[in-house]
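Since the structure comes first, as structure tokens, the remarks are kept for the end.
Read-outs throughout are calculated quantities, based only on the coordinates presented, and are distinct from any laboratory measurement. Given the structure is predicted, the values throughout are model-derived calculations rather than measurements. When we count neighbours, we look across all protein chains shown, and the Cβ atoms used for this are built from the backbone with ideal geometry, even at glycine.
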Amino acid sequence: MIELVTRPHRSNLIRFGAEHPELLVLGADLTASCEADGFRDRYPERFFSFGMAEQNMLGFAAGLAREGFFPYLHTFSVFITRRPFDQLAMSIAYPNLPVRLIGFLPGISTPGGVTHQAIDDIALLRAVPNMTILEAGDATEVESMLAVAHAIDGPVYVRQLRGEVPRLFPAAQPLRLGQARLLGQGTDLAVISAGLCTEEALRAVAALRSRGVSVSHLHVSTHKPFDDPQLLEQIANARHGAISIENHSIIGGLGSALAEQLAEQGIGKRLIRLGLRDTYAHGASKAYLMREYGLDALALIGAAERLVGEPLGIDEAVLAKLAADARAEPQGEPLAKADKSEDL
């Protein structure tokens, strides 16, 4: 069974704040929704609320950073990137200030519709000099995110998870800047996933391996800088090509970054990019939206079938049976295991 951790960022922020008295938290009328309420209650003198005035919040954070503080801004991803973009670029990124932008509900992880769905945030901030972009994929990465961000010299944007967050990776294996997680190696396909899509990718990879498809699977948590050599190594060794899957537009995000690297290095492998295909989403549950816009396990399996050139006979019933079998395995077995020789 996958462990679910309740509000891991909330408890981690309180703990990290105790260790770093120079850390300040800024909010924009979404304090509890962004799990900053515990910090506010514990350290009220180090918490600042700006209401629905994100541009002002970013400008104020720039001033705090110039005075030697480390501001951690909390609001939804769409409000921390698109709305105050000029202040972000000119007041924070241009002078390379240590401001941490903690964005919640990235992509289609919210039922709030287009006004609340940050489907272009990675694309926007990849184009901003000095910016580091991180994304949590599970509770372990949420719990290790603040330490990684705090050590970076310059501004950092984090796509954060909230609420009940699954633990996909061991707690003793924290997020590492610029290093993808190699979850398994294979020679037929390479799957590169990020954020909440990794849980779906694990389901799909297990099913593909059960059908004899040899799959490499890598999880990406650093979108910028994007220079981990093992990504291209695994794709180059994949006979049929690669699939990227991301909770973002296919324009400017993970798939685009991979395509750029493949082209620059002259690696002639086919790449199928799964994500929002130049469209806005609408308001609905996360599960429905991921299915509707092709970000779930079945969409990834369909892409794999296109690459290998044959149907694999995997449907939702097969996925459910594999999940039930995995739950019946002894505790401590690796996630998404099908071919023991391929897992690391």
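Placing unit charges on the Cβ atoms of the charged side chains and taking the dipole of region 105-223 about its Cα centre, the candidate lying farthest along the positive direction among 154, 177, 207 is 207.
The charge dipole of region 3-167, taken about the Cα centre with unit charges on the Cβ atoms of Lys, Arg (+1) and Asp, Glu (-1), comes to about 120 debye, rounded to the nearest 20.
Here, the chain has an Rg and a Dmax of 19.8, 61 Å when only alpha carbons are counted.
Ignoring aspartates and glutamates fewer than eight residues from residue 269 along the same chain, the ones with Cα atoms less than 17 angstrom from its Cα are 188, 233, 260, 305. Only helices enter the 222 nm calculation for the chain: every DSSP H run of n ≥ 4 contributes -39,500 (n - 2.57), and dividing by all residues gives -10000 deg cm²/dmol, rounded to 500. Karplus-based coupling profile of region 264-272, in residue order and whole Hz: 5, 8, x, 8, x, 10, 6, 10, 9, with θ = phi - 60° in 6.51 cos²θ - 1.76 cosθ + 1.60 and x standing for Gly or Pro. In a reduced charge model with +1 at each Lys and Arg Cβ and -1 at each Asp and Glu Cβ, the chain shows a dipole moment near 120 debye about its Cα centre.
Taking a Cβ cut-off of under 12 Å around residue 298, the surrounding Lys, Arg, Asp and Glu residues balance to a net charge of -4, with basic ones at +1 and acidic ones at -1. With the convex hull of its Cα atoms as the shape, region 54-95 has an orientation-averaged projected area of 2.6 nm². Using a cut-off of 15 Å between alpha-carbon atoms, which aspartates and glutamates can reach residue 286, once sequence neighbours fewer than 8 places away in the same chain are excluded? Partners within reach: 164, 199, 200, 246, 296. Amide hydrogen proximity for residue 183: with H placed 1.01 Å from N in the peptide plane, the residues at 5 or more positions away or on another chain lying under 5 Å are 217, 218, 219.
Relative to the longest principal axis of the Cα atoms of the chain, helix 316-328 runs at roughly 80 degrees. Going by a ≥ b ≥ c, the root eigenvalues of the Cα gyration tensor, does region 1-132 fall in the rounded group (a/c under 1.5), the prolate group (a/b larger than b/c) or the oblate group? Oblate, since a/c reaches 1.5 and b/c is not below a/b.
Here's how it looks for residue 190: its modeled amide H is under 5 Å from those of 216, 241, 242, 243, which are all 5 or more places away or on a different chain. For the chain, the longest piece that avoids every one of the GluC sites (Glu not before Pro) found in DSSP loops with at most 15 other C-beta atoms within 10 Å covers 68-344.
The 3J(HN,Hα) values that the Karplus relation (6.51, -1.76, 1.60; θ = phi - 60°) gives for region 79-94 are, in residue order, 7, 9, 10, 6, 5, x, 4, 5, 5, 4, 6, 8, 8, 10, 6, 4 Hz. Gly and Pro appear as x.
Computed about its Cα centre, the charge dipole of region 181-328 is approximately 200 debye, with only Lys, Arg, Asp and Glu carrying charge at their Cβ.
Cα-based radius of gyration for region 116-252, normalised by 2.2 N^0.38 Å, reads 1.04. Sequentially through region 6-22, phi angles give Karplus couplings (6.51, -1.76, 1.60; θ = phi - 60°) of 8, 6, x, 5, 4, 5, 5, 5, 4, 4, 5, x, 5, 7, 10, x, 7 Hz, Gly and Pro residues having no value and appearing as x. Is the C-alpha gyration tensor of region 181-328 telling us rounded, prolate or oblate? Criteria: a/c under 1.5 is rounded; beyond that, a/b larger than b/c is prolate, otherwise oblate. Because a/c hits 1.5 or more and a/b fails to exceed b/c, region 181-328 counts as oblate. Cβ-to-Cβ counts within 10 Å put 49, 193, 221 in ascending order as 49, 221, 193, the fewest first.
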